[in-house]
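The values are calculated or read from the model by the stated rules, or taken from the named source; none is laboratory data. This structure is a prediction, so every number in the text was calculated from the model and none was measured. As a convention, Cβ positions derive from the backbone with ideal geometry for all residues, glycine included, and neighbour counts pool all protein chains shown. The area values use the complete protein model at the heavy-atom level, side chains included, leaving out ligands, DNA and RNA. Shrake-Rupley method; radii C 1.70, N 1.55, O 1.52, S 1.80 Å.
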Amino acid sequence: MVINAGTGSTALAVAVTGGALADTVVINGISSNTSVTVTGDFGAGTDTLTYNSGSSTTAQTISISGVTNYDSSTISGGTAGDTITGGAGVDRIIGGRGADTLAGNGGNDTFAFNAGESNHGTFDTITDFNSGDVIEYGDIGIVMQVTAITGGATTAANSTKGVATFTAATTSSTLANKATLIADALSTNAGKAAFFQHGADTYLFINDGVAGIVSDVVVKLTGVAIPTADLTAPATGLSGFGA
């Protein structure tokens, strides 16, 4: 089933009733949508839900928290600062550009990022990243920097815990400062990543493989503690952290 938002619609509400067989529902939003709420019971079967914001430049509040008995979903935001809330199934959440607020809301969810999305100036916040969730970067995977790096005045230090620190750096007061110091330490290795702390919060930095920090990914992980034990380097995604 494909559902297309009507021309000029703002608040889009979709109620789904599934059956005993596998259900596939695709919802296509439009640029004028400011809120999208999906509810209903998918019933039995292996059921999937997809929401596409398309190229929307309007900030949207997107929620499938009222959906039950579905297996998986893919939710794609637009280019503004969206608020996206998943449901109890296995959700794949793609915030896109803009400073998005993302919540998996139960289930083992994947938060997917590409270069140029969620940079230091308009970073995304994952509010409930848990140990069963995964962060993915493009199609090359994330490799944590778990080899120690000695920091300097213009580079961050990095520990075998995958954590960047800035004790020797001359300037590390802003998020942009810290992103620059980490980028210089990791060089141009696409997918290379490190945790760091800014204020009282934990962030993840992912290198895009290009000099500078314009397109490097920075994600705020609300409630996630800085790792205190040595890490291994996952090849295809970052998981196993959080509550």
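Of note:
- Test set (1) in contact with a Phe, Trp or Tyr (Cβ under 6 Å, 6 or more places away or on another chain); (2) under 25 Å from residue 101 (Cβ atoms); (3) at pLDDT below 95 - residue 23 fails condition number: (2)
To keep it simple, each residue is scored yes or no on (1) among the basic types (Lys, Arg); (2) on the phi > 0 side of the Ramachandran plot; (3) more than 16 Å from the chain's Cα centre (by Cα); (4) crowded, with 19+ Cβ neighbours inside 10 Å.
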{"position": "39", "(1), (2), (3), (4)": "no, no, yes, no"}
{"position": "48", "(1), (2), (3), (4)": "no, no, yes, no"}
{"position": "56", "(1), (2), (3), (4)": "no, no, yes, yes"}
{"position": "70", "(1), (2), (3), (4)": "no, no, yes, yes"}
{"position": "84", "(1), (2), (3), (4)": "no, no, no, yes"}
{"position": "93", "(1), (2), (3), (4)": "no, no, no, yes"}
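- Cβ-Cβ contacts under 9 Å between residues 6 or more apart (or on different chains), taken from a first residue in the range 156-183 that is in a helix (DSSP H, G or I) to a second residue that is charged (D, E, K, R), are listed as 179/216; 182/216; 183/208; 183/216.
- Among the criteria (1) charged (D, E, K, R); (2) more than 16 Å from residue 118 (Cβ to Cβ); (3) at pLDDT 95 or above, the one residue 178 does not fulfil is (2).
- Any chance residue 236 is at pLDDT below 95, closer than 28 Å to residue 104 by Cα and in a loop (DSSP other than H, G, I, E, B): yes
- Number of positions in the range 26-37 that are open to solvent by 40 Å² or more (accessible area, probe 1.4 Å) and among the hydrophobic types (A, V, I, L, M, F, W, C): 1
- Residue among 13, 103, 5, 20 that is surrounded by 15 or more Cβ atoms within 10 Å (Cβ to Cβ) and farther than 27 Å from residue 132 by Cα: 5
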